[in-house]
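Notes follow the structure.
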Amino acid sequence: MSSVAQLADVRIEEALIRRASTDGGALAVEDMDRVVTYAELLGAALAARDLIVRSGARPGDQISVFLDKSLEAVAYGYGVWLAGGVLVPIAPTLRRQHVEYILSHSESRLLLSTEGKLRRSGFEVMPANLVPVVEVRAAESLPELQVSETSGPAALLYTSGSTGMPKGVIVSHENLCAGSRIVSSYLGIQSADRILSVLPFSFDYGLNQLLTSVRNGAALVLQRSLLATDILRNLRDQRITILAGVPTLWGQLLDTGLIGPDMAPTLRLITNSGGVFPVESVRRYRE
């Protein structure tokens, strides 16, 4: 394999490279008042890769990303893949004990985070004794694009730790590519779609939403607040067409008493993961 075109569906970052080259001006991510195109997202990911490589990462290294739902979380995730690393996305709600465990258990070479995020999560000092911390920021240069020609492990995803310490699962590039391809097909995701990203990127379906939006050139709207009323407001104000959730989310939205035919006039589908969608809830949502 010698060209980017030949790498299609072999490494997960190829979809972003391909999208930026064909539809670079299309809207990629909305993060509150920040909006980036696919070309700009690739540029941010390349800048992140530059910083990651200069910080000592090597192809095949596990690299943890501990950030709130944000444009930086997207760019640095792709930056890890562009650097040939294995992404370890840490759920932004985890506290110090679980974060330290994941850093140690995953044998991460670097932690991409911010001092503010770490302190809000219970770190009195930076966890440099466990792994070097790279302060997330805008890199100073955009290196030439080079893509690894090998596939293999792409991510190490950890459970929430609600029933004990988090458990990690290795996911290959082939797994992620196949997942985004399959979900794109059966949901019929289109470039005109606007996907509300509520689920964390550390959750497999939350990560899949990011990958399917890039694969199809859709816009991913990042939902930072998890308050049900804020989610409902964004469904309407942000003209969302696709919403993915888990059973607890559907219950919280129903509990607001605001669910109705005018709640989200542009919404064309919802999709559930992580548990059974109660029959009564399905009926009420269909109504």
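Take L187 and decide whether it is closer than 15 Å to W81 by Cβ and among the hydrophobic types (A, V, I, L, M, F, W, C). No, not satisfied.
There is no residue in segment 255-264 that is of a type outside the set (A, V, I, L, M) and either buried (at least 18 other Cβ atoms within 10 Å of the Cβ) or closer than 26 Å to G85 by Cα (or both).
Take A128 and tell me if it is open to solvent by 10 Å² or more (accessible area, probe 1.4 Å) and more than 17 Å from the chain's Cα centre (by Cα). In short, yes. Identification of strands (runs of 3 or more DSSP E) wholly contained in segment 28-111 with 1 or more residues that are touching a residue at least 60 places away in the same chain (Cβ under 8 Å) and open to solvent by less than 50 Å² (accessible area, probe 1.4 Å) yields 62-65, 86-89. If you filter segment 155-174 down to residues that are in contact with a Pro (Cβ under 9 Å, 6 or more places away or on another chain) and outside any strand (DSSP E or B), you find that the one that is least open to solvent (accessible area, probe 1.4 Å) is H173.
Each residue in segment 232-247 was checked for being open to solvent by 60 Å² or more (accessible area, probe 1.4 Å) and in contact (Cβ under 8 Å) with a residue 12 or more places away in the chain, and 2 pass.
Exactly one residue among S197, S184 is under 12 Å from the mean Cα position of the chain (by Cα) and surrounded by 14 or more Cβ atoms within 10 Å (Cβ to Cβ), and that residue is S197. Apart from one condition, L207 fits all of (1) of a type outside the set (D, E, K, R); (2) outside any loop (DSSP other than H, G, I, E, B); (3) farther than 25 Å from Y101 by Cα; (4) modelled with pLDDT of 95 or more; the exception is (3). Take the residues of segment 112-125 that are free of Cβ contacts under 8 Å to residues at least 40 places away in the same chain and at negative phi: which is surrounded by the most Cβ atoms within 10 Å (Cβ to Cβ)? Among those residues, the one meeting the criterion is F123. The number of residues in segment 275-287 that are within 27 Å of the chain's Cα centre (by Cα) and open to solvent by 70 Å² or more (accessible area, probe 1.4 Å) comes to 1. If only residues of segment 210-231 that are among the aliphatic types (A, V, I, L, M) and within 15 Å of the chain's Cα centre (by Cα) are counted, the one that is farthest from L253 (Cα to Cα) is V214. Every condition in (1) assigned to a helix (DSSP H, G or I); (2) charged (D, E, K, R); (3) modelled with pLDDT of 95 or more; (4) closer than 29 Å to S185 by Cβ holds for D230 except the one numbered (4). Only one entry in E287, E174 is among the acidic types (D, E), within 25 Å of L82 (Cβ to Cβ) and at pLDDT below 95, namely E174.
Residues in segment 250-275 that are under 22 Å from V29 (Cα atoms), assigned to a loop (DSSP other than H, G, I, E, B) and not β-branched (V, I, T): A264, P265, L267, R268.
Is it true that some residue in segment 239-249 is part of a helix (DSSP H, G or I), closer than 30 Å to R11 by Cβ and among the β-branched types (V, I, T)? No, because not a single residue in segment 239-249 is part of a helix (DSSP H, G or I), closer than 30 Å to R11 by Cβ and among the β-branched types (V, I, T).
Within segment 205-225, one or more residues are out of contact with any Gly (no Cβ under 6 Å at 6 or more places or on another chain), surrounded by fewer than 21 Cβ atoms within 10 Å (Cβ to Cβ), over 26 Å from D23 (Cα atoms) and of a type outside the set (F, W, Y).
The values are calculated or read from the model by the stated rules, or taken from the named source; none is laboratory data. Only a predicted model underlies this, so the values are computations on that prediction, with no experimental measurement involved. Here Cβ is always computed from backbone atoms with ideal geometry, including for glycine, and neighbour counts include all displayed protein chains. These area figures cover heavy atoms from the full protein model, side chains too; ligands, DNA and RNA do not enter into them. Shrake-Rupley method; radii C 1.70, N 1.55, O 1.52, S 1.80 Å.
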